[in-house]
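The values are calculated or read from the model by the stated rules, or taken from the named source; none is laboratory data. None of the values given here were measured: they were computed from a predicted structure. Counting neighbours? That spans all protein chains shown, and the Cβs are built from the backbone with ideal geometry, glycine included. Only protein heavy atoms, including side chains, enter the accessible area calculation; ligands, DNA and RNA are left aside. Shrake-Rupley method; radii C 1.70, N 1.55, O 1.52, S 1.80 Å.
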Amino acid sequence: SLWRYLQEKFKESLSKVSYDTWIDSAVPVRLTETNIIIEVPSSLHKDYWQNNLATRVVEGIYEFTNKEISPIFMIKNEEVPTIEQERPIRPEKKPFKQAQLNSKYTFDTFVIGKGNQMAHAAALVVAEEPGTIYNPLFFYGGVGLGKTHLMHAIGHQMIQLRPDAKVKYVSSETFANDFINSIQNRTQEQFRNEYRSVDLLLVDDIQFFADKEGTQEEFFHTFNALYDERKQIVLTSDRLPNEIPKLQERLVSRFAWGLSVDITPPDLETRIAILRNKANSERLEIPDDTLSYIAGQIDSNIRELEGALVRVQAFSAIQGRDITTSLAADALKSILPTDKPKALSIYAIQQTVAKFYQVTVEEIKGKKRTKGIVVPRQIAMYLSRELTDSSLPKIGQEFGGKDHTTVLHAYDKIQAAIKKDSTLNEEIKTLSEKLKNN
Ligand code: ADP
Ligand code: MG
């Protein structure tokens, strides 16, 4: 369906957090000849859709239906607007045949850093001198490092320099689907005309060609046709061609005719620069130390970095708090890997308490009932209950197999004692500190 199609498009271009935050919660409520009414949960969502997604909705609907339809966003539980009442948002003027390119993925918005400067330089060369120097240009690297962004940037730049240039961007899956559909619908002729008449062909994520024999065959011919005409080809993959399983040798060798450049994860400075750029373009006020904090926490890929920023932004809007480092920490808590301090063991408590009162761990765990040992034993039990998640029976077991009521009794006794005995109170505080800091 149309909505599914839009969802898939957003899934491709947004981070998972963004997708979950903004797209999942939206519901299409009505589609007319001119408008689509989309229901969202809050005004924050409405703003976000209006500012960031509306154009893409128009483009996506056009791709799917060939009609120009504008979205109207309404907040849940508000009255459904009548179409005449609200003026539909005009999409940015822009040629629809280039709708496959994401307007945000340009050279202007691409931050250059150590991990991508080679790739960026090669991309610029290819945009300016297509088909002559690096053909094909092949980017490879992990997810979310900017391969797709650079590819689109090449497309935009080329159109900027030569407005009549025919640019086609597809994922390898789209290429495969188009090919298979052309066979089923007997439109192979059309398929070939479409793919072999372009000036720039961008095929993203070709690792998904693995295992697709027929598609590889067809791509081989597409490649040759374009190459012979000196048309530029740009490819991306998560790995080098020779590492893609079941990629035909003749494709591997052709891909090696041009230039392969890898993109590696950004260093901290680049991550901060990317966040700063993003914050500026979204007009967000974020202090430098907060940007550094976020960049320090998310070091895997740029899509996640952007997702983190969206999350912080949403958190700040929902809670009505300014963006600070502590707000960012709260917002990111649930998505960061939890490296809780290592759980304190009962054994560590026994050792520390034993040393402090100059008895042995064996005595603490034993049965001797002399006062010099009983009190430290009870203190160790008390601290075991206070400072670990262990159950009473578990604590009893660690103290030489005592009953859970013994542990509870010890706990109550110490708890009562520290209220009256300030020396004991101090001692227990000291012990707790010691244990927590280790
Ligand atoms: P890939 O295709 O390698 O998986 P993408 O090109 O989709 O990665 O990039 C993921 C996100 O990170 C996109 O939103 C993109 O705009 C952004 N991004 C990646 N690299 C950069 C960069 N150098 N500067 C600014 N944004 C970047
Ligand atoms: Mg990509």
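So, in the stretch 388-399, exactly how many residues are open to solvent by less than 50 Å² (accessible area, probe 1.4 Å), out of contact with any Asp or Glu (no Cβ under 8 Å at 6 or more places or on another chain) and either modelled with pLDDT of 95 or more or within 17 Å of V361 (Cβ to Cβ) (or both)? Full working, then the answer.
First, the residues of the stretch 388-399 that are open to solvent by less than 50 Å² (accessible area, probe 1.4 Å): 388, 390, 392, 395-396, 399.
Now restrict to residues that are out of contact with any Asp or Glu (no Cβ under 8 Å at 6 or more places or on another chain): 388, 392, 395, 399.
From what is left, the residues that are either modelled with pLDDT of 95 or more or within 17 Å of V361 (Cβ to Cβ) (or both) are 388, 395, 399.
Qualifying residue count, the stretch 388-399: 3.
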Can you tell me which residue in the stretch 262-276 is farthest from Y105 (Cα to Cα), limited to those that are in contact with a helix residue (DSSP H, G or I) (Cβ under 8 Å, 6 or more places away or on another chain) and either open to solvent by 30 Å² or more (accessible area, probe 1.4 Å) or of a type in the set (A, V, I, L, M, F, W, C) (or both)? L268
For the stretch 130-150, the count of residues that are outside any loop (DSSP other than H, G, I, E, B) and either aromatic (F, W, Y) or under 22 Å from the mean Cα position of the chain (by Cα) (or both) equals 8
Verdict on R303 being within 12 Å of ligand 1 (Cβ to nearest atom), open to solvent by 60 Å² or more (accessible area, probe 1.4 Å) and farther than 16 Å from A329 by Cβ: yes
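Among the residues of the stretch 422-438, what is the count of those that are surrounded by 13 or more Cβ atoms within 10 Å (Cβ to Cβ) and farther than 19 Å from V361 by Cα? Give the steps one after another, and end with the answer.
Quick first cut of the stretch 422-438, residues surrounded by 13 or more Cβ atoms within 10 Å (Cβ to Cβ) only: 424-425, 427-428, 431-432, 434-435.
Subsequent filtering for residues that are farther than 19 Å from V361 by Cα retains 424-425.
Summing the residues that are surrounded by 13 or more Cβ atoms within 10 Å (Cβ to Cβ) and farther than 19 Å from V361 by Cα in the stretch 422-438 gives 2.
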Kindly provide the set of residues from the stretch 25-50 that are of a type in the set (D, E, K, R), surrounded by 13 or more Cβ atoms within 10 Å (Cβ to Cβ) and modelled with pLDDT of 85 or more, ordered by number. R30, E39, K46
Report whether or not R283 is without any contact (Cβ under 8 Å) to a residue 24 or more places away in the chain and either touching a strand residue (DSSP E or B) at 6+ places or on another chain (Cβ under 7 Å) or at positive phi (or both). yes
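Of K419, K367, K402, which residue is in contact (Cβ under 8 Å) with a residue 24 or more places away in the chain and open to solvent by 20 Å² or more (accessible area, probe 1.4 Å)?
Working: K419 fails: in contact (Cβ under 8 Å) with a residue 24 or more places away in the chain; K402 fails: in contact (Cβ under 8 Å) with a residue 24 or more places away in the chain.
Going through K419, K367, K402 in turn, just one is in contact (Cβ under 8 Å) with a residue 24 or more places away in the chain and open to solvent by 20 Å² or more (accessible area, probe 1.4 Å): K367.
Look through the stretch 156-211, keep the residues that are β-branched (V, I, T) and assigned to a loop (DSSP other than H, G, I, E, B), and return whichever of them is farthest from ligand 2 (Cβ to nearest atom). Give the derivation first.
Step one: of the stretch 156-211, the residues β-branched (V, I, T) are 159, 167, 170, 174, 180, 183, 187, 198, 203, 206.
Adding the requirement that they be assigned to a loop (DSSP other than H, G, I, E, B) leaves 187, 198.
Details: T187: 28, V198: 20 Å.
Among them, the one singled out is T187.
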Exclusive hit being within 16 Å of ligand 1 (Cβ to nearest atom) and aromatic (F, W, Y), set Y134, Y195, Y169: Y169
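Pick from R385, R369: which is over 30 Å from P287 (Cβ atoms) and in a helix (DSSP H, G or I)? It would help to see each step written out before you state the result.
Numbers: R369 fails: in a helix (DSSP H, G or I).
None of the others qualify; the one that does is R385.
Does S384 fit the bill of being modelled with pLDDT under 90 and within 24 Å of E433 (Cβ to Cβ)? Outline the logic, then answer.
Numbers: modelled with pLDDT under 90: no; within 24 Å of E433 (Cβ to Cβ): yes.
No.
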Have a look at R239, R250 and point out the one that is without any contact (Cβ under 8 Å) to a residue 60 or more places away in the chain and either among the basic types (K, R) or touching an Asp or Glu at 6+ places or on another chain (Cβ under 9 Å) (or both). R250
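If only one of A127, A153 is of a type outside the set (S, T, N, Q), assigned to a helix (DSSP H, G or I), in contact with a helix residue (DSSP H, G or I) (Cβ under 8 Å, 6 or more places away or on another chain) and away from ligand 2 (no atom under 13 Å from the Cβ), which one is it?
After ruling out the rest, the residue left standing is A127.
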Among the residues of the stretch 6-23, count how many are touching a helix residue (DSSP H, G or I) at 6+ places or on another chain (Cβ under 6 Å) and surrounded by 18 or more Cβ atoms within 10 Å (Cβ to Cβ). 9
Condition first: of a type in the set (V, I, T), over 20 Å from V252 (Cβ atoms) and surrounded by fewer than 18 Cβ atoms within 10 Å (Cβ to Cβ). Can you find one or more residues in the stretch 175-183 that meet it? yes
For the structure I just gave you, tell me whether Q216 is part of a helix (DSSP H, G or I), within 16 Å of ligand 1 (Cβ to nearest atom) and touching a residue at least 24 places away in the same chain (Cβ under 8 Å). no
